[in-house]
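First the structure, which I've put down as structure tokens, then a few questions once you've had a look.
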Amino acid sequence: EIELIFELVCFAISLSGLVIRGIAIGYAQAGTSGRNTEKQIADNLNIKGLYSVCRHPLYLGNILLALGVMLFTKSLMFAAAGTFAYVLVYERIIAAEEQFLVGKFGDAYRQWTTRTPLLIPRFTLWVKPGLPFSLKMAIRGEFYGFTALVVTMFLLSALKAFTIQQELAADMFWLSFAAIALMLFLTMRFLRKHTRFLDVKERREEPLQ
């Protein structure tokens, strides 16, 4: 069915954003920008892996995540306006973050920014990460987002059906997918809260001087 294919393409766009975020988080070391949620903290600077091809892969991931959801509505105007608004918001966030990092790392940071694009990756600049990939870190960082993505698309699908048919009707594909995602979420949340299965030891490379 063409409708489902379109929805899956939108889901794939959003999923690519989560994958980018997961890769960035899975290779990150402790005490780096992007590994905190409450304030700007950076004992070390990420300049390898995804951070060698663009300076803000987490924000790139967020934009793709939102883009797929907005396209799911089939409103190109909404998707364009929403993406533009996202970019404007992140432009301010990035400006403040980069000002902080310049003050923290000085010339080392400036040299990195002169060769590394802001958001659009340039893969010819790829530098191998200094730490092995941690699947546990990626799962810990993104299982909330994955669940929210699937549930959001299920709700949009139900809303779309209600708008057309004027009755509550759940698309069985998205209903089943959302149920599976919720079960996985509950499992991961239990493992994180009540076991040490997803615990990760602190990871550090040699600090950038």
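Within the stretch 93-132, work out how many residues are closer than 22 Å to G26 by Cα and of a type in the set (K, R).
Going through the stretch 93-132 one residue at a time, the tally reaches 2.
What is the one condition in (1) of a type outside the set (K, R); (2) at pLDDT below 90; (3) surrounded by fewer than 19 Cβ atoms within 10 Å (Cβ to Cβ); (4) assigned to a helix (DSSP H, G or I) that L131 does not satisfy?
(4)
Next question. Search the stretch 74-92 for residues being open to solvent by less than 70 Å² (accessible area, probe 1.4 Å) and assigned to a helix (DSSP H, G or I), and hand back the single one that is nearest to I47 (Cα to Cα). Walk me through it before giving the result.
At the first step, the residues of the stretch 74-92 found to be open to solvent by less than 70 Å² (accessible area, probe 1.4 Å) are 75, 79-83, 85, 87, 90.
Now drop any that are not assigned to a helix (DSSP H, G or I), which leaves 79-83, 85, 87, 90.
Values: A79: 31, A80: 31, A81: 32, G82: 30, T83: 26, A85: 27, V87: 22, Y90: 20 Å.
If we take residues in the stretch 74-92 being open to solvent by less than 70 Å² (accessible area, probe 1.4 Å) and assigned to a helix (DSSP H, G or I), then Y90 is nearest to I47 (Cα to Cα).
Limited to the stretch 99-122, what total is found for residues that are open to solvent by less than 70 Å² (accessible area, probe 1.4 Å) and either closer than 11 Å to I47 by Cβ or in contact with a Ser or Thr (Cβ under 9 Å, 6 or more places away or on another chain) (or both)?
9
Restricting to the stretch 95-120, count the residues that are touching a residue at least 12 places away in the same chain (Cβ under 8 Å) and over 15 Å from H56 (Cβ atoms).
3
Among the numbered criteria (1) modelled with pLDDT under 95; (2) open to solvent by less than 50 Å² (accessible area, probe 1.4 Å); (3) of a type in the set (F, W, Y), which one does F11 miss?
Every condition holds for F11 apart from (1).
Is there a residue in the stretch 157-164 that is in contact with a Cys (Cβ under 8 Å, 6 or more places away or on another chain), open to solvent by less than 80 Å² (accessible area, probe 1.4 Å) and either in a loop (DSSP other than H, G, I, E, B) or of a type in the set (K, R) (or both)?
Checked the stretch 157-164: no residue is in contact with a Cys (Cβ under 8 Å, 6 or more places away or on another chain), open to solvent by less than 80 Å² (accessible area, probe 1.4 Å) and either in a loop (DSSP other than H, G, I, E, B) or of a type in the set (K, R) (or both).
The values are calculated or read from the model by the stated rules, or taken from the named source; none is laboratory data. None of the values given here were measured: they were computed from a predicted structure. Using ideal geometry, Cβ is built from the backbone for each residue, glycine included, and neighbour counts are taken over all protein chains shown. Each accessible area value is taken on the protein alone, full model and side chains, heavy atoms only, with ligands, DNA and RNA left out. Shrake-Rupley method; radii C 1.70, N 1.55, O 1.52, S 1.80 Å.
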